[in-house]
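In what follows, a single structure is set out as structure tokens and then discussed.
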Amino acid sequence: MKQGDLVRVVKNDMSLIMKYPGPKDNKFFNQIGTIVKVYDPARWKVSNPWYDVLFPAGFYHARADAIEVISD
């Protein structure tokens, strides 16, 4: 996944997709969003990278295993 990719949510889990800023919510489910930032997994020492995703419901941090790229 890279910046600018269209993604959809595959896991409705508020611990894997978090609203920023603000309280947790699940308004992101069944929406299509755009990746706006990719966090470097080597720098953060994590096995699943995190992404900043802009959904119609707002701005969210999402882990890689909770979203998937929409193919053409």
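Across the chain, the relative contact order, built from alpha-carbon pairs under 8 Å that are at least six residues apart, equals 40 percent. Could you point to the label whose value was computed as Cα Rg over 2.2 N^0.38 Å for the structure here, given (i) 1.00; (ii) 1.35; (iii) 1.59? It is the one labelled (i).
Overall, the chain carries a charge dipole of about 220 debye about its Cα centre when +1 sits on the Cβ of Lys and Arg and -1 on the Cβ of Asp and Glu, all other atoms neutral. A cut-off of 5 Å between modelled amide H atoms, ignoring neighbours fewer than 5 places along the same chain, links D25 with K19. For the listed peptides 13-23, 59-69, a ranking on the average number of other beta carbons within 10 Å per residue, highest first, reads 59-69, 13-23.
Each reported figure results from applying straightforward, stated rules to the coordinates on display, with no laboratory input. Keep in mind it's a predicted model, so treat the numbers as computed, not measured. Neighbour counts run over all protein chains shown; Cβ positions are idealised from the backbone, glycine included.
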